[in-house]
1. Among the candidates Glu244, Glu303, single out the residue that is outside any strand (DSSP E or B), open to solvent by 10 Å² or more (accessible area, probe 1.4 Å) and not basic (Lys, Arg).
2. Considering (1) assigned to a loop (DSSP other than H, G, I, E, B); (2) touching an Asp or Glu at 6+ places or on another chain (Cβ under 9 Å); (3) open to solvent by 50 Å² or more (accessible area, probe 1.4 Å), say which one Gly67 fails and leave the rest.
3. Looking at the stretch 35-52, is at least one residue open to solvent by 50 Å² or more (accessible area, probe 1.4 Å), farther than 14 Å from Lys314 by Cβ, in a helix (DSSP H, G or I) and out of contact with any Ser or Thr (no Cβ under 9 Å at 6 or more places or on another chain)?
4. Could you tell me which residue of the stretch 318-333 is surrounded by the fewest Cβ atoms within 10 Å (Cβ to Cβ), considering only residues that are touching a residue at least 60 places away in the same chain (Cβ under 8 Å) and in contact with a Leu (Cβ under 6 Å, 6 or more places away or on another chain)?
5. When you scan the stretch 160-206, how many residues do you find that are surrounded by fewer than 18 Cβ atoms within 10 Å (Cβ to Cβ) and touching a Pro at 6+ places or on another chain (Cβ under 6 Å)?
6. Within the stretch 131-140, how many residues turn out to be assigned to a strand (DSSP E or B) and open to solvent by 30 Å² or more (accessible area, probe 1.4 Å)?
7. Filter the stretch 419-455 down to the residues that are of a type in the set (Val, Ile, Thr) and within 16 Å of Glu388 (Cα to Cα) and list them by number.
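The values are calculated or read from the model by the stated rules, or taken from the named source; none is laboratory data. Nothing here was measured: the structure is a model prediction, and the numbers come from that model. A quick note on method: Cβ atoms are made from the backbone with ideal geometry, for glycine too, and the neighbour counts reach across all protein chains shown. For the accessible areas, the whole protein counts, side chains as well, though only heavy atoms, and no ligand, DNA or RNA atoms are used. Shrake-Rupley method; radii C 1.70, N 1.55, O 1.52, S 1.80 Å.
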Amino acid sequence: MQWAAAASTLSVVRSSGAAFVPLYRDRDGFPTSPGEIPAFHPERMPSQKEVWESLEWMAKLGPKYTGNSAHVKFVEYLASQLQSSGLVVERDHFTFPRWDARRWEIRVTPQSGAAFPVAVTSYFPYSGQTPGAGVSGELVYAGSNPSFNLNNLQGKVALIDFAIKPREFSQMYEPWAIYPADAKFPAELRPARGAVSDLTQFQKAGAVGVILAWTDVSDANAADQYTPFSRPPQNIPGLYVGREVGARLKSLCGTGAQATVLLEADTIPDSPTDTLIATLPGTRSDEVILVNTHTDGPNATEENGGIAIVALAKYFSKIPKAERQRTLVFPLTTGHFALPWVPSIRGVIDKHPELIKKAVAALTVEHLGCLEWMDDAAFNYRATGENEWSVAITETKAVGEILGAALENSGDRKTGVVNPVHGGWLGEGSALAHAGIPTIGYIPQPNYLLAGPANGCIEKLSSDLMYSQIQVFAKTIHKMDQTSAAGLKGQVG
């Protein structure tokens, strides 16, 4: 992305060669440009070491699934950090029926020969639970997603397989800007996500359990994937296996082989969980900027936006109030992984309409510091040596260009600032945008986003990249604060 300032306008030349000319006005009505990032003081930022040590501490908590003990500890840590920086922290309280898996395995008994266990890559969250001995039935092949054969499943264990669904970026998005200019934004992304979101059809057909087999990712990539998330109870146990195990099981279908599926889990009714809303007053309270994320998830990636928000809150609390015009409000929501019961950012929108009415812009920060890990042609899962693509989604060109200017000379290389022209809004920013707020949803989408290993995938993250992204966000917030509400909406009259 090449920025060329000329008088009161800024021409943005993208890698395609196309140019557009935005116009901004500051709060006094004077022309300005997104390339002018005022008042950023890097010396007031928390140190990179402090930020990374906070992330390491968070990772050691283990998966922070909505409302579990690790998630509660993380939320309390965030609240204390925000309060110690002088912010006022309020809470929205929720309860829901929390489901926690404890033990899972598959055992197969062929028609002849000894029974044997098979490797399980993960479980289907909120699928179902079994007694300690598991549930058993004849192993039958019920098809490949999305075409399933639901006939003759009564009392049987259904094996199904699936390929991951590509995200067609070339159809979902039109770029506002790409950074750096010579980078090629991908036409599609193929993240490791389970493609089957509904197991109730197999339960209704009489099956006692479901085995889901990945077909086009490595076992290392499939390991510990918590997918799909935020589904209601399925009332049938579901477990995932890798591609080679899936092929072996498929060869046993129709031979009379029996399969035992074990998934022990607990359902804890009325589990409490809290959303935090932290406020840092500016010189005026009639307009606010929202900076939000969610706090629940499986690893050091999915829910690390809270660490970034603490760093941003500490930074802006050190900026004199006279230099901060708008009030900053930081919603850190719960429920991203329990949406059937807990509304996450939509709960803030519904419970605090006066806050939404005052909001002139929003910046949603998720999944920071991501390095790219991919399967190669031989299904070896490895680091590519590149950053993961950062996808910054906004329908509002004006705020997209502010972010684009903040990216200049940053370490956040490989970022697409895109317009979701065909329904590509993902993440916690979507509901804010649909509420009419000019919103940037910053959401890298690595393969390991939903993986929940013991170390939280922290070896796949970069301290340098994450810290650079937080600095980019600080610059973006500064510029948002110095741009009129009309300018944030792209209105220049």
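1. Working: Glu303 fails: open to solvent by 10 Å² or more (accessible area, probe 1.4 Å).
After applying the criteria, what remains is Glu244.
2. Unmet for Gly67, out of (1) assigned to a loop (DSSP other than H, G, I, E, B); (2) touching an Asp or Glu at 6+ places or on another chain (Cβ under 9 Å); (3) open to solvent by 50 Å² or more (accessible area, probe 1.4 Å): (3).
3. No.
4. Taking the stretch 318-333 first, the residues touching a residue at least 60 places away in the same chain (Cβ under 8 Å) are 318-319, 323-326, 328, 330, 332-333.
Subsequent filtering for residues that are in contact with a Leu (Cβ under 6 Å, 6 or more places away or on another chain) retains 328, 332.
On the way: Leu328: 24, Leu332: 28.
Result: Leu328.
5. Residues in the stretch 160-206 being surrounded by fewer than 18 Cβ atoms within 10 Å (Cβ to Cβ) and touching a Pro at 6+ places or on another chain (Cβ under 6 Å): 3 in total.
6. Of the residues in the stretch 131-140, the ones assigned to a strand (DSSP E or B) are 135-140.
If we keep only those that are open to solvent by 30 Å² or more (accessible area, probe 1.4 Å) too, we end up with 135-136, 138.
Number satisfying all stated conditions: 3.
7. First, the residues of the stretch 419-455 that are of a type in the set (Val, Ile, Thr): 421, 437, 439-440, 443.
Matches in the stretch 419-455: Ile443 only.
Yes/no matrix, rows are residues, columns are (1) farther than 21 Å from Pro237 by Cα; (2) not charged (D, E, K, R):
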| position | (1), (2) |
| --- | --- |
| Ala247 | no, yes |
| Pro272 | yes, yes |
| Ile277 | yes, yes |
| Pro281 | yes, yes |
| Arg284 | yes, no |
| Ile289 | yes, yes |
| His294 | yes, yes |
| Ala300 | yes, yes |
| Val310 | yes, yes |
